[in-house]
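Bear in mind that the values in this text are calculations on the coordinates, not laboratory data. Keep in mind that what you see is a predicted model, and the values were worked out from it rather than measured. Neighbour counts run over all protein chains shown; Cβ positions are idealised from the backbone, glycine included.
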Amino acid sequence: MKTKIFKIKSINRTVLILTALPIIFALLFFGFVYFMKWIFTSGNQYIAIIATLAIVFGVFTLCKKIATRNYIVTINKDRLTVTKVGSSERSLQLNQITKLAFRTHQQGCLLIIEASGFEFAKFDVSLKQAQQIQDIIEELQQYNSYNVVEGKDQRGVWTNYVNPNAVNSTPASFGQVYRNQVNSKRKTKWVGIAISLAVMAVLIAPFFINPKAFYDSKDGKVYFGSKELVGVDPQKTTILSYHVLKDSTHVYYKDRILEWADYATFQCLREPFYMDKNGIYFETSNFYTPNKIKPLEGEYDAATFRSVDGYASTLFKDKNNLYEIDVFGQPPLRKITFPGLDVESFQGLENNYWFADKNHVYFAGEGDLKQCKEIDRASFEILSLQVVKDKNRVYFLTYHLKSEHGVAGEHKGYKVLEGADAPTFQKLDDKRFVDKNEVWTISSEEEKKEPKATRREDVK
């Protein structure tokens, strides 16, 4: 009979699990942290999810490649030889094979070749190579007579091919093979443990570098976490934020005095942003270095720098420009410009979605601020949290809201209420609105858990 050669790609699933799972868990953790801004403020939740899953898929593919071993299996009339590409080679006589343990699973199949009680070779392959494993078994059956035992369990279908005529001997080479396998498994286990410990260290290190702690007073003393603020009278303290406190003479950041802060004018703008007469500051949000309060970089006029809406948003302005502060940005202060923007009159309106200056209306419902050229500033009016109008149209926010009467507006996040008569459209109560022709309901149906806007033609 001719010599048969098979090329096998086998996956070491122990290596795959021990390397992939800790790394993927870490990626998902950091993906959540870094994409939090997209998910909750920018409206790009789908991009965030897709990007995270793409990275996870890429890492899993890389780990799978690392865990894949290439073998060349050679079978001739009296010997079986298994060569690991780029590494070792081992062989045995065919009559020394005691059992072929074959099992199918969802990803493919597994073949373990045993000789004299030792695991001589193990091939865990994908569905694409399942036929090659069957060919190896059929080829070996041409040289040895095997008793076949079949069964099924939760992991899949298994078949054992037992050679009753196997030579029951244990050559020194088998002992060496066994010792090599034991050493390899031990090495794999410790590598996996080391990777898991490293990933755990990476994940928990930020909690030790920047531990969560707050101000508290007890027995006439003030503490930040477990550290006492010596000499601080709890009756004369003002807590500005979770990490900043003022007593009668100093400003404290956590348990340390901010020597550079101007005590009289230091205040919290909107956590994590602060200011005094000398400038604007923000608290960093680091993972592997201690957080601190540092000056806000950028060209701005500190004397006139202020929030546009009582610190309800991240929009600020000075006498010259409009800004957005993004704690994740580099630098955190970003200048905003629009054609015809009037900084002096720019202000926040009754809710966090709408802003205006003397010339235009602006919408901030989908992350970045947008200028709404289709909306008439002079006649713009906010009717409720979800509904606004001008002299020409009625608009409603589309967050979790479906409507057969919505026509796409200039920007994503709101729509035009088709059919509504804007000049006569007015609010009746929190859910109902009326114009000269119809009564409109824009509300959430609790029983369906699906908010929607519907036209009420049955009510006059």
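Using Cα-Cα distances under 8 Å and only pairs 6 or more residues apart, what relative contact order does the stretch 60-162 have, in percent?
Rounded, it is 22 percent for the stretch 60-162.
So what's the net charge close to Q106: Lys and Arg +1, Asp and Glu -1, counting the other residues with Cβ under 13 Å from its Cβ?
+2
If you add up the charges near K317, with Lys and Arg at +1 and Asp and Glu at -1, over every other residue whose beta carbon is less than 13 angstrom from its beta carbon, what do you get?
Counting the neighbours of K317, the net charge comes to -3.
Using label points projected 7 Å from each Cα along Cα→Cβ, tell me how many nm separate I137 and D233, to one decimal.
Those two pseudo-labels are separated by 8.7 nm.
Full extension from K436 to S384: what is 0.36 nm times the residue separation minus their Cα-Cα distance, to one decimal in nm?
Taking 0.36 nm per residue and subtracting the Cα distance, the gain is 16.8 nm.
Using Cβ counts within 10 Å as a stand-in for footprinting exposure, how do V251, V388 rank, fewest first?
Final ranking by Cβ density, sparse to dense: V251, V388.
Output ³J(HN,Hα) for the stretch 379-396: one whole-Hz value per residue in order, computed from phi by the Karplus curve 6.51 cos²θ - 1.76 cosθ + 1.60 with θ = phi - 60°, and x for Gly and Pro.
Working through the residues one at a time gives 9, 5, 8, 8, 9, 7, 4, 9, 10, 9, 7, 10, 6, 10, 9, 10, 10, 9 Hz.
Going through the cross-link list K65/K152; K373/K427; K212/K370, which pairs have a Cα-Cα distance over 28 Å in this structure?
K65/K152; K212/K370, as the Cα separations exceed 28 Å there.
Quick one: K292, K128, fewest Cβ neighbours within 10 Å first, how do they rank?
By the 10 Å Cβ count, ascending, the order reads K128, K292.
Counting other beta carbons within 10 Å of each Cβ, put Y242, Y253 in order, fewest first.
In order of increasing Cβ crowding within 10 Å: Y242, Y253.
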